[in-house]
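The values are calculated or read from the model by the stated rules, or taken from the named source; none is laboratory data. It should be emphasised that the depicted structure is a prediction, and the values quoted were computed from it without experimental measurement. Glycine gets a Cβ as well: all are built from the backbone with ideal geometry, and neighbour counts include every protein chain shown.
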Amino acid sequence: MAEPLTLVWAGGEHPFLLRIGELRAIDERCTDGAFAAWNRLLIRRPRLDDVYEVIRLGLIGGGMKAEDAKLLILKAEDQVGLGELIPLASAIMFRAFHRREERDEPVGEPQASDQTA
């Protein structure tokens, strides 16, 4: 199972996790879907929902109740402004798309250097 990413931000220290269900919700709520939202975050030209929904759903995926997540984002936005939350949303999306699970065995065919005679 994927481990949440714990980050310190204007709302405090909280775990964030975007699994397939949260990513599908981002797909539905953000114009052009989750990959387009992530691209807009990376180039620092997001839409409001790109930032808000990624953080909100990341908090929910990390274990927070939906209403608490909504209130926490609004409180943080009042403190630092929505633009200051763009790097946080970017980090949450990066983790979702580039998460690597620890494995006991390597995936794929063994390389010649991996085989013993």
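Data for the structure
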item	result
Hits in region 29-59 - residues which are among the acidic types (Asp, Glu) and within 14 Å of Ile86 (Cα to Cα)	Asp49, Asp50, Glu53
Filtered residues of region 24-36 (kept if touching a Gly at 6+ places or on another chain (Cβ under 9 Å) and among the aliphatic types (A, V, I, L, M))	Ile26
Helices (runs of 4 or more DSSP H) (entirely within region 20-92) containing at least 3 residues that are closer than 16 Å to Thr6 by Cα, within 12 Å of the chain's Cα centre (by Cα) and in contact (Cβ under 8 Å) with a residue 12 or more places away in the chain	48-61
Number of the condition not met by Met64 [criteria: (1) modelled with pLDDT of 95 or more; (2) within 14 Å of Ile26 (Cβ to Cβ)]	(2)
